[in-house]
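Before any comments, here is the structure.
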Amino acid sequence: MNQQKKSNIVQYWADSHLVVSGNQYQLIDNETQKILFKCTAKSDLEASKKCCAFLRYGNAKQPNKFKLHKAPSNVMSLPFVTKSKAGRDWFNIPVTGDYAIDCSTGVDCAAMLIKAMRDDKGYCGGNLQLIVLSLLNRKETKQELHGIIVGFFSQLDVWLQLSATHGGKGLDNISYEQFIEKVSSCLKEVA
């Protein structure tokens, strides 16, 4: 008796879905039902990564692996801070299109930033504003960047909460009303 392996949908996107049978994966177009991409993978996660890379880059060469530019002693040595003829990009984090993977990547990149800030004894701040400005200049859509942004800023949020809780004692003497008054006076100057 010839037993066929059962096929299961393991990932579903707006335009395509990923089907598995054993260790064979097929990315199938939802509209035409044509096979867009085939691969062999050890896990659903590995296959999802391969399919996301195919959807993003087609058969083109994928970007180089993440690596430090030099000894990890300051923020500019981090793998997502890159330099080109156009200038320095402070948020050059590749996206896969898979929300969970991108979110995890964002968390790890934020942790690298925090570690670099901690390790760099000469760090005097200002890099977060450059990261946000670079982020605003990305060519990807908001949807494509969603996972990276959520992961990155959620991790920063955790560290800011820790910092505020354990190091923000100077703020205890300033009321919210005083902050509001200061912001209001700044806004009056521009009006």
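Any chance you could count how many residues in the range 127-179 are of a type in the set (S, T, N, Q) and part of a loop (DSSP other than H, G, I, E, B)? If you could, list the steps in order and put the result at the bottom.
Start the filter on the range 127-179 by keeping residues that are of a type in the set (S, T, N, Q), which leaves 127, 129, 134, 137, 141, 143, 154-155, 161, 163, 165, 173, 175, 178.
Subsequent filtering for residues that are part of a loop (DSSP other than H, G, I, E, B) retains 137, 141, 175.
Count: 3.
For every residue, the table says whether it meets (1) free of Cβ contacts under 8 Å to residues at least 60 places away in the same chain; (2) closer than 26 Å to VAL75 by Cα; (3) in the same structural domain as PRO94 (by TED's automatic domain parsing); (4) within 22 Å of the chain's Cα centre (by Cα).
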position: GLY125; (1), (2), (3), (4): yes, yes, yes, yes
position: PHE153; (1), (2), (3), (4): yes, yes, yes, yes
position: GLY167; (1), (2), (3), (4): yes, yes, yes, no
position: ASN173; (1), (2), (3), (4): yes, no, yes, no
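For the range 102-114, how many residues are within 30 Å of LEU18 (Cα to Cα) and either of a type outside the set (Val, Ile, Thr) or touching a Cys at 6+ places or on another chain (Cβ under 7 Å) (or both)? Spell out how you get there, then give the answer.
Filtering the range 102-114 for residues within 30 Å of LEU18 (Cα to Cα) gives 102-109.
Right, trim to either of a type outside the set (Val, Ile, Thr) or touching a Cys at 6+ places or on another chain (Cβ under 7 Å) (or both) and you get 102-104, 106, 108-109.
Qualifying residue count, the range 102-114: 6.
Determine whether GLY106 is surrounded by 11 or more Cβ atoms within 10 Å (Cβ to Cβ) and either in the same structural domain as ARG88 (by TED's automatic domain parsing) or at positive phi (or both).
On the way: surrounded by 11 or more Cβ atoms within 10 Å (Cβ to Cβ): yes; either in the same structural domain as ARG88 (by TED's automatic domain parsing) or at positive phi (or both): yes.
Considered against the rule, which asks whether it is surrounded by 11 or more Cβ atoms within 10 Å (Cβ to Cβ) and either in the same structural domain as ARG88 (by TED's automatic domain parsing) or at positive phi (or both), GLY106 comes out as yes.
The values are calculated or read from the model by the stated rules, or taken from the named source; none is laboratory data. If you're wondering where the values come from, they're calculated on a predicted model, not measured in any experiment. Here the Cβ is made from the backbone with ideal geometry for all residues, glycine too, and neighbour counts use every protein chain on show.
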